[in-house]
Amino acid sequence: MPPNSKTSQKASQKASQKSLKSKQGSVYQLPGLPNFDLTELRRSLLAWYGRSGRDLPWRHTRDPYAIWVSEVMLQQTQVKTVMPYFDRWLAQFPTIASLAAADLQSVLKAWEGLGYYARARNLHRAAQEIVRRHGGEFPATLEAVLELPGIGRTTAGAFSAQHLDSHGQS
C-alpha cells in the first residue's frame with residue numbers, strides 16, 4: 001500500500017462525512033446519490049407507511065408499559081409469534097405494578113414459548129425497580145430508562161422513538 005494511501009483514504013472519509021452533513025435548506029447531499037429533500041422524504045415514507053404498514057396492537061397505544069413490553073418481546077422474535085403473547089401478557093399483567101408484584105415463576109410461565117428467558121426476568125426486575133424508584137410510573141427520561149435492567153441503547157432508542165419523543169421528552 002503506498003504511503004499516501006491511508007492519508008487519502010482518511011481524506012476521502014472526511015469528505016464523505018462532510019457531504020452527509022452538507023445541506024441547504026432541507027436538501028441533503030449523499031455521496032453517489034442525487035440530492036434529496038428531507039421534508040419530501042419524510043412525507044413519502046409516511047404516505048407509504050399509511051398504505052403499507054402492518055396493523056400491530058402495540059401501535060395503537062401510547063402506554064409506555066405496553067410499548068416497552070412489545071419492544072422486549074420483539075427482540076430476536078418474529079412479529080407473528082409475538083402478537084398473541086403480547087395480548088395475553090397485558091391481560092395477565094396489565095400494569096407495571098401487577099408485573100412487579102407477580103412471582104417470577106408466573107412471569108416465566110407467561111413468557112413460555114418466546115425463548116430467551118432472560119428478557120422475562122429482566123422485565124420483572126425492571127418492573128420492580130420502576131415501582132421502587134419511580135412510584136410505578138415508567139421513567140420519563142432516556143437516561144432513567146437506560147438504568148433499568150435489560151434495557152440497552154437499542155431498546156431504549158426504539159422505546160423513546162415511540163413514546164418519549166412523542167411526548168416532547170428525551
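It is to be established whether one or more residues within segment 83-99 are more than 18 Å from residue 159 (Cβ to Cβ), part of a loop (DSSP other than H, G, I, E, B) and more than 16 Å from the chain's Cα centre (by Cα). Yes, segment 83-99 contains at least one residue that is more than 18 Å from residue 159 (Cβ to Cβ), part of a loop (DSSP other than H, G, I, E, B) and more than 16 Å from the chain's Cα centre (by Cα). Within segment 109-124, which residues are over 26 Å from residue 135 (Cβ atoms) and more than 19 Å from the chain's Cα centre (by Cα)? Of everything in segment 109-124, those that are over 26 Å from residue 135 (Cβ atoms) and more than 19 Å from the chain's Cα centre (by Cα) turn out to be 109, 112, 113, 115, 117. Beta carbons closer than 7 Å, at least 6 apart along the sequence or on distinct chains, pair a first residue in segment 129-151 that is touching a residue at least 40 places away in the same chain (Cβ under 8 Å) with a second that is buried (at least 17 other Cβ atoms within 10 Å of the Cβ) and basic (Lys, Arg) for 150/119. Being farther than 18 Å from residue 124 by Cβ and touching a residue at least 24 places away in the same chain (Cβ under 8 Å) is the filter here, so list the residues in segment 42-81 that pass it. Selection gives 54, 56, 57, 58, 62, 76, 79, 81.
Coordinate-derived values only; no laboratory data. Owing to the predicted nature of the structure, the values given are computational and were not obtained by experimental measurement. With ideal geometry, Cβ positions are generated from the backbone for all residues, glycine too; neighbour counts draw on all protein chains shown.
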